[in-house]
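Asks: What follows is a single structure, and I will ask about it in a moment.
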Amino acid sequence: MLMLFVAGCGEVWNDPYPRSERGANILYSAFVNRPKHLDPVQSYTVDESLFTRQVYEPPLHYHYLKRPYELIPLTAAEVPKPKEIDGGKFTVYEIRIRPGIRYQPHPAFVERNQALSASEIKKLKTPYDLPLGTRELVAADYVYQIKRLAHPRLHSPIYGLMAEYIVGLPEFADKLKKLNRPGWIDLREHVLAGVEEVDRYTYRVTLKGRYPQFVYWLAMPFFSPIPWEAEKLFHQPGMELKNFTLDWWPVGTGPYMLRENNPNARMVLERNPNYRGMPYPSEGESSDGEAGLLKDAGKTMPFIDRVVFSREKESVPYWNKFLQGYYDSAGISPENFDHAVRVAVDGGAEPSPEMLERGIELSTAVAATVFYFGFNMKDPVVGGNSERARKLRQAISIAVDMEEYLSIFLNGRGIVAHSPVPPGIFGAREGSEAMNPITHVWRDGREQRRALAEAKKLLAEAGYPEGTDAKTGAPLVLYFDTTSRGPGDKARLDWWRKQFEKLSIQLEVRETDWNRFQEKIRKGTQQVYGLGWHADYPDPENFLFLLHGPQARTDGAGSNSSNYASAEFDALFERMKSMPNSPKRQQIIDRMVEIARRDAPWIFGFHPKDYTLRHQWLANVKPNDMAGNTMQYLRVDPQRRAEFRRQWNRPVVWPVLLLLLALAISVVPAVRTYRKRERMAARPAA
Amino acid sequence: MLAYIVRRVLYAIPILIGVNLITFVLFFVVNTPDDMARMHLGAKRVTPEALEKWKQERGYDRDLLWNEKAPGLGKVTDTIFFDKSVKLFAFDFGRAEDRRDIAHEIRTRMGPSLALAIPVFLVGLAVNITFALLMAFFRATYLDFWGVVLCVAMMSISTLFYIIGGQYMVSKILHLVPISGYDGGFEAAKFVILPVLIGVVSGIGSGSRWYRTIFLEEMGRDYVRTARAKGLAESVVLFRHVLKNAMIPILTGAVVVIPLLFMGSLLAESFFGIPGLGSYTIDAIQAQDFAVVRSMVFIGSVLYIIGLLLTDLSYTVVDPRIRLE
């Protein structure tokens, strides 16, 4: 009866959040993988940037609404212009930050906290139990962080790259290596030749040669400021034993601060009370006004007080909690796609009727990513620059029907790639100009894959008529190395075999785990394989380098897994990478793409589309593949959310009561049998 | 008895070394230190120098089991196996590969694991014994027949089905409890009700059948016939005599798992978002975090040995004829 009464009162029982949070201005989101690093010197994954980008502020960031992506100042006064010296031997970036920016409240800024006793540290539950202070952001904090890239005990993934460019960084790393000792190393005491503090608000970075892409790195957390006080605080004995490190407790000037850090269950970002506030953008793409994305133009951000991330390792509870209104937005897993999205005949997608009924909206965007299927150019059969191998690769590129792949396995969530450069990145073309003429033709105003007969002709010209080696008469057998080996991947692998069968080529799938797969790629023993690349920054160099000869994987730690090498392509790459975006640069990129299409070291694969669903109470959502600091732009309507949650989650108690009643009734015959037995004078004869 | 306990504890040492060695070999057959370094440093922009540095810092740059170059005893001691194993015997688990303190993680995660495992164990035991006694009481009747059929049917269903079905019915359709999540203190109750219910229900089939078999075996013994001949009520025969005498096989199955309750549930914790030790172990396996896998296997082995010892000790409590010497 009590249950019925409570149910009748409209109380929600399945709310996973504390009662105190009801009606509060909170954004609810989820994370799948626990972050490994929150120190900006090490953090490099999307899972981690969900947190780090809300806390840390590098000097630059990307415009939230404009496309193509545009770099704009964040803490810097303006986007720095490179100055070449010694005839281009060196390039100098002078970055001036705005005065008056203050750090979040943090114990590192209270002097007393820098000399804590062991018992004081032992008592702490979080670093925020200590007295909190703040100070102004200064150029020295940025200099300190750049020095940390070379720290012997930190593993910055970009150290290798930056050591090639930042003057004196390798020597600085060697010096620190010699100094390496337990405890805190005060990097302020050691000079890094290529990075200097000009004045309180200005610092200068000197690079070897030209590297125009450096400016994009200035928009990544690797170049965020780190106050030396924070490093010193967390190096006190006993801090690490409590997991109080800079790697777990970020300190920044951004709109949010990490107040609860339980990567096993829940991470909570809270509004940074010292944040200066930034105005919501007042311009964007032409369609943004119509989409309601400019309603908050000029208003001071952030709009949300807290962001609560709950860990959801499984897709079923994640999806159901979204439908119940307990997450404000969600991605779509393949198993929920048909439930969530209706794909129109023209390939456009819209929310399913059930989603529309709940007022759920859908955002889609082509990601700055390429998934490709490569040939190892060092392989004696598919590799090399001979006409025979080239035609074989071209034939296979035609026969592998990526349109069908996207339709069957990705529910159409992607577009066929015709070059390594995804749409939205400078260098990518549109319409017929974007089409790969080796694999497609332009017909009836759209691209169409070339006929299989053309592929067979190329195969015969390559010396494999009907998939048989004309010289030896042996059937052509190729090997596909993949990490897809679960029961769910069987259909996908069968599809791959069928694509090659179209050309009478036998495809042997070599299923392997990730480590062995990486080993094969490193040693160059793979033949055909699949990989993907997500942009670090929106520049064609960040995609075309995947085919740059000197960066071949077998020759070192490069990312050219196909080990492709073309003298012309490489020479053009060297020219293109140092150029600003211009028609001339576009021309060079066009030629590079043409060479790559002709040589076909890749079946170009596809660029995936990101699908995001959001509830009607969440505003200002626009997918942005480059900017990670997107939380501050979002706005929720907590009252509306509370109403819908109540409406969607009324407890249904009667089936439970019915079940209890049925159980009670079923006991009756048992009781009767028991009594009957107890009353029996003797057991009946068997 | 003290001598017996000491002897058992000493027996445990070679067992633990063996378990540790098997874990080590199995782990490193699949993952080399290079693989681990790559997994932790990520796939992008990793240089050979960074890999070497990672291994060096964690002591993975040495030989695995035998160091040919080291002098004397160093051939054994200057290896990854020795370095990583010895500290475990002092319960010094060290740091996970992401540098978080493993002991701190275990302490934090033990609570949520126990909040789920203890109710499942206790309620499950009570329900299974009760259901088994009922079936034994009504043996050879339609209640017994359909009870056994139900048990077989319940045993045949996968735990995953119970979990997803339970979440769908109880949380999604009836909206009675949250689908997943966890909170400390009394708030934990609303999150563990459903996994406990599912844990108990999914165990009824196998548990009840097992206990029914034990009870039926006991009911065929002479002392039961004597009790009945004395005119005792069937309920008294069952609860006072049969249950008491069936305690040894029940304890064999039950006491041994008590220490292992600390280890948590691998599947339920993942699906219900409970941040316990089961979920920790699964994460570590997926992340190739040898430090955590090794520690969890070691703790599991220690707890299992404790469980077996407790089982033996408990026999002396329920059966005065047993002496441990």
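Asks: Could you run the Karplus curve 6.51 cos²θ - 1.76 cosθ + 1.60 with θ = phi - 60° over the range B:91-100 and give me ³J(HN,Hα) per residue in whole Hz, x for Gly and Pro?
Replies: Those phi angles translate into 6, 9, 8, x, 10, 5, 5, 8, 6, 7 Hz.
Asks: Mind putting a number on the dipole of the range A:326-439 about its Cα centre? Charges go on the C-beta only, +1 for Lys and Arg and -1 for Asp and Glu, and I need it in Debye to the nearest 20.
Replies: For this selection, approximately 780 debye.
Asks: Something else: Using θ = phi - 60° and the Karplus form 6.51 cos²θ - 1.76 cosθ + 1.60, what ³J(HN,Hα) does each residue of the range A:436-444 get, whole Hz, x for Gly and Pro?
Replies: Ordered by residue, 3J(HN,Hα) equals 7, x, 6, 10, 10, 10, 9, 9, 6 Hz.
Asks: Take A:F303, A:F604 and order them by how many other Cβ atoms sit within 10 Å, fewest up front.
Replies: Ranked by crowding around the Cβ, least crowded first: A:F303, A:F604.
Asks: Could you size up the charge dipole of the range A:376-508 around its Cα centre, putting +1 on the beta carbon of Lys and Arg and -1 on that of Asp and Glu, and report it in debye to the nearest 20?
Replies: So the dipole magnitude of the range A:376-508 works out to roughly 80 debye.
Asks: State the volume of the convex hull built on the alpha-carbon positions of the range A:430-484, expressed per residue in Å³ and rounded to an integer.
Replies: About 126 Å³ per residue, rounded to a whole number.
Asks: Dipole size in debye (nearest 20) for the range A:527-625 around its Cα centre, Lys and Arg Cβ +1, Asp and Glu Cβ -1?
Replies: 300 debye
Asks: Ok, one more. For a distance above 21 Å, tell me the whole-number percent of Cα pairs in the range A:587-686 that qualify.
Replies: Taking all Cα-Cα pairs of the range A:587-686, the fraction more than 21 Å apart is 74 percent.
Asks: Quick one: divide the alpha-carbon radius of gyration of chain B by 2.2 N^0.38 Å and tell me what you get.
Replies: Rg over 2.2 N^0.38 Å, computed on Cα atoms: 1.24.
Asks: The range A:10-64: which GluC sites (Glu not before Pro) are DSSP loop and have at most 14 other beta-carbon atoms within 10 angstrom?
Replies: A:E11
Asks: So which trypsin sites (Lys or Arg not before Pro) in the range A:60-107 are both in a DSSP loop and have at most 11 other Cβ atoms within 10 Å of their Cβ? Mind dumping the intermediate values first?
Replies: Values: sites: A:K66, A:K83, A:K89, A:R96, A:R102; in loops: A:K66, A:K89.
Counting only loop positions with at most 11 other Cβ atoms within 10 Å, the trypsin sites (Lys or Arg not before Pro) in the range A:60-107 are A:K89.
Asks: Next question. List the aspartates and glutamates whose alpha-carbon lies under 12 Å from that of B:K172, not counting same-chain residues fewer than 8 positions away?
Replies: Result set, ordered by chain and number: A:D15.
Asks: Taking the dipole about the Cα centre of the range B:170-324, with the C-beta of Lys and Arg at +1 and of Asp and Glu at -1, give me whichever of B:S202, B:V177, B:A227 is farthest to the positive side.
Replies: After comparing all options, I get B:A227.
Asks: If you don't mind, there's one more thing I want to ask. What are the ³J(HN,Hα) couplings of the range B:221-237, residue after residue, when phi is run through the Karplus curve with 6.51, -1.76, 1.60 and θ = phi - 60°? Round to Hz, x for glycine and proline.
Replies: Calculated HN-Hα couplings, in order: 7, 4, 5, 6, 4, 4, 4, 5, 4, 6, x, 5, 5, 4, 5, 5, 4 Hz.
Asks: Across the residues of A:260-269, average count of Cβ atoms on other protein chains within 10 Å?
Replies: 4
Asks: Could I ask something else about it? Within a 10 angstrom radius of each residue's Cβ in A:315-324, how many Cβ atoms of other chains show up on average? Whole number is fine. Write down the numbers at each step before the final one.
Replies: Values: counts 0, 8, 13, 3, 2, 6, 7, 0, 2, 5.
The mean count of partner-chain Cβ atoms within 10 Å per residue comes to 5.
Asks: Report relative contact order for chain A in percent, whole number only (criteria: Cα-Cα under 8 Å, sequence separation at least 6).
Replies: Worked out over chain A, it gives 18 percent.
Asks: Which percent of Cα-Cα pairs in the range A:521-591 sits in each 10 Å bin, short to long?
Replies: In order of increasing distance, the bins hold 20, 48, 27, 5 percent.
Asks: Among A:V268, A:P302, A:G289, whose Cα projects farthest towards the positive end of the dipole of the range A:264-353, with charges put on the beta-carbon of Lys, Arg (+1) and Asp, Glu (-1)?
Replies: Final value for the positive-end residue is A:V268.
Asks: Between A:D555 and A:R575, what length in nm is gained on full extension when 0.36 nm per residue of separation is reduced by their alpha carbon distance?
Replies: Between A:D555 and A:R575, full extension yields 5.0 nm more.
Asks: OK, next. Mind checking the angle between helix B:2-30 and chain B's longest principal axis? C-alpha axes, 0 to 90 degrees, to the nearest 10.
Replies: Between the helix axis and the principal axis of chain B, the angle is about 60 degrees.
Asks: Using the structure shown, select from A:K391/B:K44; A:K89/A:K584; A:K313/B:K190; A:K577/B:K44; A:K66/A:K89 the pairs with a Cα to Cα distance greater than 24 angstrom.
Replies: Where the Cα-Cα span goes over 24 Å, the pairs concerned are A:K391/B:K44; A:K66/A:K89.
Asks: Which values, in whole Å and largest first, are the semi-axes of the equivalent ellipsoid of the range A:197-281 obtained as the square root of 5 times each eigenvalue of the Cα gyration tensor?
Replies: Gyration-tensor ellipsoid for the range A:197-281: 28, 19, 14 Å.
Asks: Which FRET efficiency value, to the nearest 0.05, is calculated for A:W514 and B:T159 with the Förster distance at 30 angstrom and r the Cβ-Cβ distance? Can you show the working numbers first?
Replies: Values: r = 28 Å, r/R0 = 0.92.
Using R0 = 30 Å, I get an efficiency of 0.65.
Asks: Separate question: For labels at B:V29 and A:E171 in the simple 7 Å Cα→Cβ model, what's the distance in nm?
Replies: Reported label-point gap for B:V29 and A:E171 is 5.2 nm.
Asks: Still on this structure, please answer the following. Residue farthest toward the positive end of the dipole of the protein assembly as shown, with Cβ of Lys/Arg at +1 and Asp/Glu at -1: which of A:L634, B:A37, A:L323?
Replies: Result: A:L323.
Asks: I've got another one for you. Where both partners of a DSSP beta bridge lie in the protein assembly as shown, what percent of those bridges are antiparallel, to the nearest 5?
Replies: For the protein assembly as shown, the DSSP antiparallel bridge percentage is about 80.
Asks: What Kirkwood hydrodynamic radius, in Å, does the protein assembly as shown give when the mean of 1/r is taken over all pairs of distinct Cα atoms and then inverted? Could the numbers behind the result be given before it?
Replies: Working: mean 1/r = 0.0307 Å⁻¹.
Answer for the protein assembly as shown: a Kirkwood hydrodynamic radius of 32.6 Å.
Asks: To continue, here is another question. Any idea what diffusion coefficient the range B:106-173 gets from Stokes-Einstein, in µm²/s, Kirkwood Rh on alpha carbon pairs, 4 °C, 1.567 mPa s?
Replies: Translational diffusion coefficient: 89 µm²/s.
Asks: Give me the one-decimal Kirkwood hydrodynamic radius in Å for the range A:1-145, with the sum taken over alpha-carbon pairs.
Replies: After inverting the mean inverse Cα-Cα distance, the result is 20.5 Å.
Asks: Of all trypsin sites (Lys or Arg not before Pro) in the range B:1-47, which ones are in loop regions per DSSP and have a Cβ with at most 14 other Cβ atoms within 10 Å? Please report the intermediate quantities before stating the final value.
Replies: Numbers: sites: B:R7, B:R8, B:R38, B:K44, B:R45; in loops: B:K44, B:R45.
Passing both the DSSP loop test and the Cβ count: B:K44.
No value in this document is a laboratory result; all are computed from the given coordinates. Predicted, not measured: the structure shown is a model, and the values here were computed from it. Ideal geometry is used to build each Cβ from the backbone, glycine not excepted, and the neighbour counts take in all protein chains shown.
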